[in-house]
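The structure appears below as C-alpha cells.
The values are calculated or read from the model by the stated rules, or taken from the named source; none is laboratory data. The structure presented is a predicted model; accordingly, all values stated were derived computationally and were not measured. Ideal geometry is used to build each Cβ from the backbone, glycine not excepted, and the neighbour counts take in all protein chains shown.
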Amino acid sequence: PRLSMSDLPQPAPEHCPGPASEQAGNADACAGCPNQNVCKTAPKGPDPDLPQIMEHLSEIKHKILVLSGKGGVGKSTISSQLAFALATKESEGSGADDADDQGGPQVGLLDIDICGPSIPRIMGLEGRGVHQTNTGWEPVQVEDMNLSVMSVGFLMTTVDEAVIWRGPNKNGLIKQFVRDVDWGPLDYLIIDTPPGTSDEHLSITTYLKPAGITGAVIVTTPQEVSLSDVRKEINFCKKVGIPILGVIENMSGFVCRKCGTETKIFFPSTGGAKKMCEELNVRFLGAVPIDPLIARNCDEGKSFVKQCPDSPTAQVYKSIFDTIVSLVEKP
Ligand code: ADP
C-alpha cells in the first residue's frame, strides 16, 4: 500500500488523533488536514516488515539524512563529499601503506533520489551494476575505500533512462534498499534524499526510525527562495522526530581568484542561513563558497577534498565534516 503519514511511527500534531487511531481522518481535528483522506482510508498499523528491517539495520551505527528544501542547492554534492571524507578519515596520516587499509570507518551512501539519481556519477561509479548474492543486494564498492554505495541509478540500463515512479513503487524500492541491501556493519550510512518533503522522506523515516536516525544535515543556498523551503524541512524533522544536526549554507559566495573580490551570487536578502538558524534555534554548520573545482571534481567522480586538500574550500568542508562527526560521536 502507498505510504502515508499513517505509517509514521510517531505522528505528532497536537490535536491529531494519530493515524493509527480508529478516529483517524474522522475526528474534529482532521477537518481541513491535507492527510484526512489518506488517514481515513489507509490500513491501520505499522508495516509488518519493520522488525526485520530494524534487525537488518542494527549493525549500522549512525544513519544521517541529508535534506534540502529545493533541488540544485548542492545536497548530493555534500552527501558524496561527506561520504568520501568519512571513508578516508582514519586512513589519513595513519602511516598505512595505501588507502585501502581496512582500519578506517566503514561507510555507506544510499541515494533515495529515485527520479534524479546523481550519486553514481558524482562517486565515479557510472555504469556499475548491483548484484544479487545469497546475502542480499551487493552495494557498489568505491575502489580503495571502505565505501559502499546504492542508488536506483545502478539499476537503470542507460544513463538517460527516464524513471517514472509513483508513490507506492518508490516506497517499495526504498524498502528494498534498507531491507535487501547487504550493507554489513557500518559506522555511517549517509542518505541522500530528494528535495522537499515527499513520499521518499516518509518512507525512509518509517523504515529507519525503529533502528534510530542519528540526525539530519540540511543544505540550502543563502537565498530566501531556498531558505523558505528549508524552514518547512526543519518543521518536517521536528514533526517526525528526526534530530537536526545542523544547516549548511552552500554556494555562499564566490571569491574571484584574480582580484579576490567576493560576490554574493545567491544574495542573502533575509540574512542567509546563519540568521535563519539563530531564529529557529538550529545549529549552523558553516558556509561553503561557490568553487568551480567542486563542480569539476564531482563531474569527474572524485573526492574534492582529496584532490584539492589545501584549497580554502576544502578546509571549510573539513571543518563542517569534523563538526558532524563530533556531534554524532558525542556520548
Ligand atoms: P542537489 O543535490 O541539491 O540537487 P547537486 O549536489 O546536484 O544539488 O548540485 C547542483 C550543481 O551544483 C552540481 O552541478 C554541483 O556540481 C554544483 N555545486 C554544488 N555545490 C557547489 C559549490 N559549492 N560550488 C560550485 N558548484 C557546486
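Pairs please, first residue from region 318-331 and closer than 19 Å to LYS75 by Cβ, second anywhere and hydroxyl-bearing (Ser, Thr, Tyr) and surrounded by 18 or more Cβ atoms within 10 Å (Cβ to Cβ), Cβ atoms under 6 Å, 6+ apart in sequence or on different chains. Filtered contacts from region 318-331: VAL328/THR214. Only one entry of PHE236, PHE266, PHE254 meets the criterion of being within 11 Å of the ligand (Cβ to nearest atom), in contact with a helix residue (DSSP H, G or I) (Cβ under 8 Å, 6 or more places away or on another chain) and modelled with pLDDT under 95, and that entry is PHE266.
Kindly establish whether LEU208 is touching a Gly at 6+ places or on another chain (Cβ under 7 Å), among the hydrophobic types (A, V, I, L, M, F, W, C) and either over 26 Å from ILE265 (Cα atoms) or touching a residue at least 24 places away in the same chain (Cβ under 8 Å) (or both). Even if it seems obvious, please write down each step before you answer.
Working: touching a Gly at 6+ places or on another chain (Cβ under 7 Å): no; among the hydrophobic types (A, V, I, L, M, F, W, C): yes; either over 26 Å from ILE265 (Cα atoms) or touching a residue at least 24 places away in the same chain (Cβ under 8 Å) (or both): yes.
No; evaluated as a whole, the condition is false for this residue.
Contact annotation: residue pairs with Cβ atoms under 8 Å, 6 or more positions apart or on different chains, pairing a residue in region 25-39 that is in contact (Cβ under 8 Å) with a residue 12 or more places away in the chain and at positive phi with a partner that is part of a helix (DSSP H, G or I) and of a type in the set (D, E, K, R), are GLY25/LYS40.
The listed residues are VAL247, VAL219, and the only one of them that is within 13 Å of the ligand (Cβ to nearest atom) and either within 16 Å of the chain's Cα centre (by Cα) or in a strand (DSSP E or B) (or both) turns out to be VAL219.
Applying the criterion of at least 3 residues that are modelled with pLDDT of 90 or more and under 25 Å from the mean Cα position of the chain (by Cα) to the helices (runs of 4 or more DSSP H) found wholly in region 1-102 leaves 50-57, 75-87.
Only a single item in (1) assigned to a helix (DSSP H, G or I); (2) touching a Phe, Trp or Tyr at 6+ places or on another chain (Cβ under 9 Å); (3) farther than 27 Å from GLY127 by Cα is not met by GLY286, and it is number (1). ASP192 meets the stated requirement of being under 26 Å from LYS175 (Cβ atoms), within 16 Å of the ligand (Cβ to nearest atom) and either of a type in the set (Asp, Glu) or at pLDDT below 90 (or both). Checked against the criteria, ARG296 counts as under 25 Å from the mean Cα position of the chain (by Cα), near the ligand (Cβ under 9 Å from one of its atoms) and surrounded by fewer than 18 Cβ atoms within 10 Å (Cβ to Cβ).
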